[in-house]
Amino acid sequence: MNKKITAIIVTYFPDNPVVSKTIKSICNQVDRVFIVDNTPNGSDFFRDGNFLGENNIELITLNENVGIARAQNIGIKKALENRTDFVLLSDQDTFYPEKYADRMLDIYFNLSNKDKVATLAPDFIVPKNGRTRGGFILFDKDSVTVIRPESGCHQISQAIASGMVIPSEVFNDIGFMKEDLFIDSVDSEWCWRARARGYEIIGCADVVIEHCLGGKIATWWRYSHDVRAPIRDYYIVRNGIYLSLRSPYLSTGMKNTLFKTYYKYAILCIFFGKPHWKHLWYATKGFYHGLVGRLGPYK
């Protein structure tokens, strides 16, 4: 099997040892790597020439934060111009096991329904949460279920972008990432759109990556919350509320479920985030912008 696969790694003020580990873990497994740097004025890590001597690595410096969706699209279009067969999306803090790319392609080509598969996604472990698998998201009528199979391939409803292996030709039908979301829920929206066009999202429990989510876990009584920077609260709440009200790819019941989920998220990030007033400001503004449909970068 001689199929070209191109990795696209989007970076933003990367932690040097972490992004270095990410690049090392995947660069020798793929034909080409496009690093799309979203860091305003460029990252010092790449300015120092790290990895740029590698024959298969190309840096695209944007000199501003254009959002993860647009950065991914820039990388995807560059990969398609180079006639790649598959695109592998990656964040800057995802670590891949040996032979990851080969295993994912082998699994893809053994799928009986591969012509209608939009993406093959691995399971993942978040190191700060121990060795518990993240599992896969499945919409069950009007509720959201997390399944954690130990093996096999499963039809799921959405997947995180990092680690996704996407056949190049599906972009012609599904389209690219929705850029006005800027960041957060970009991967989910693309998956919903793919499913609405008759494609399947496949989660593979036989392959596991390490994915370092930002923030820290805070707990109180029965409640726990992944505390993030206030600006992330804004995007998470805004995009969740926006999609719950306006996505044409969700049922009415799922829209209601999504709305309640992000309403609860807004309350939790205000309660757990410190200083509270700052998280209150960003979450409230995000909620309002989601209601009125204002997208794009924060203003």
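Computed from the coordinates by the stated procedures, all read-outs in this text should not be read as laboratory data. Bear in mind that the values here come from a model prediction, so they are computed numbers and not experimental data. Note that we place each Cβ from the backbone using ideal geometry, even for glycine, and neighbour counts take in every protein chain shown.
If exposed means no more than 14 neighbouring beta carbons inside 10 Å and the site is in a DSSP loop, what's the longest run of the chain without any exposed GluC sites (Glu not before Pro)? Display every interim value, and only then the final one.
Values: sites that count: Glu54, Glu64, Glu98, Glu150.
The longest uninterrupted stretch comes out as 151-299.
Lysine pairs in the range 96-239 whose alpha-carbon atoms fall under 30 angstrom of each other, counting only those eight or more residues apart or on distinct chains, come to 11. With both residues required to sit in the chain, DSSP beta bridges show an antiparallel share near 50%. Taking the Cα centre of the range 157-299 as origin and assigning +1 to Lys and Arg Cβ atoms and -1 to Asp and Glu Cβ atoms, the resulting dipole is close to 880 debye. Across the range 246-262, computed HN-Hα scalar couplings (Karplus, 6.51 cos²θ - 1.76 cosθ + 1.60, θ = phi - 60°) run 10, 5, x, 9, 10, 6, 4, x, 5, 4, 4, 4, 5, 4, 5, 4, 7 Hz from first to last residue, x flagging Gly and Pro. Taking each residue as 0.36 nm, the span from Trp281 to Thr61 lengthens on full extension beyond its C-alpha to C-alpha distance by 76.0 nm. For P(r) over Cα pairs in 10 Å bins from 0, in percent, several values are listed as [x] 6, 27, 37, 24, 6, 0; [y] 6, 24, 32, 27, 9, 1, 0; [z] 6, 30, 40, 22, 3, 0; flag the one computed from this structure. It is the one labelled [x]. Pairs of Cα atoms under 8 Å, at least six residues apart: use those to get the relative contact order of the range 148-299, whole percent. Rounded, it is 25 percent for the range 148-299. Under 5 Å from the amide H of Lys4 lie the amide H atoms of Asp85, Phe86, each residue being 5 or more positions distant or on a separate chain, with H modelled from the backbone and absent for Pro and chain starts.
About the Cα centre of the range 216-292, what is the dipole size in debye to 20, counting +1 per Lys and Arg Cβ and -1 per Asp and Glu Cβ, all else neutral? Spell out each step's value before the answer.
Working: 12 positive and 2 negative charges, 13 e Å.
That gives the range 216-292 a dipole magnitude of about 60 debye.
Compared with the direct C-alpha span, the chain from Ser143 to Ile217 gains 24.2 nm at full extension, assuming 0.36 nm per residue.
Strictly greater than 16 Å: what percent of every Cα pair in the range 251-297 meets that? Display every interim value, and only then the final one.
Details: 488 of 1081 pairs.
Beyond 16 Å sits 45 percent of the P(r) for the range 251-297.
Only the Cβ atoms of Lys and Arg (+1) and of Asp and Glu (-1) were treated as charged; on that basis the dipole of the range 5-211 about its Cα centre amounts to roughly 280 debye. How many nm is it between the label spots at Thr252 and Asn2, if each spot is 7 Å from the Cα in line with the beta carbon? Taking the two extended label points, one gets 5.6 nm. Of the residues Gly240, Gly198, Gly67, the one that moves most in a GNM of the chain with alpha-carbon contacts below 10 Å is Gly198. Report the Cα centroid-to-centroid distance between the range 205-264 and the range 24-88 in angstrom, as an integer. Cα centroid of the range 205-264 versus Cα centroid of the range 24-88: 27 Å apart.
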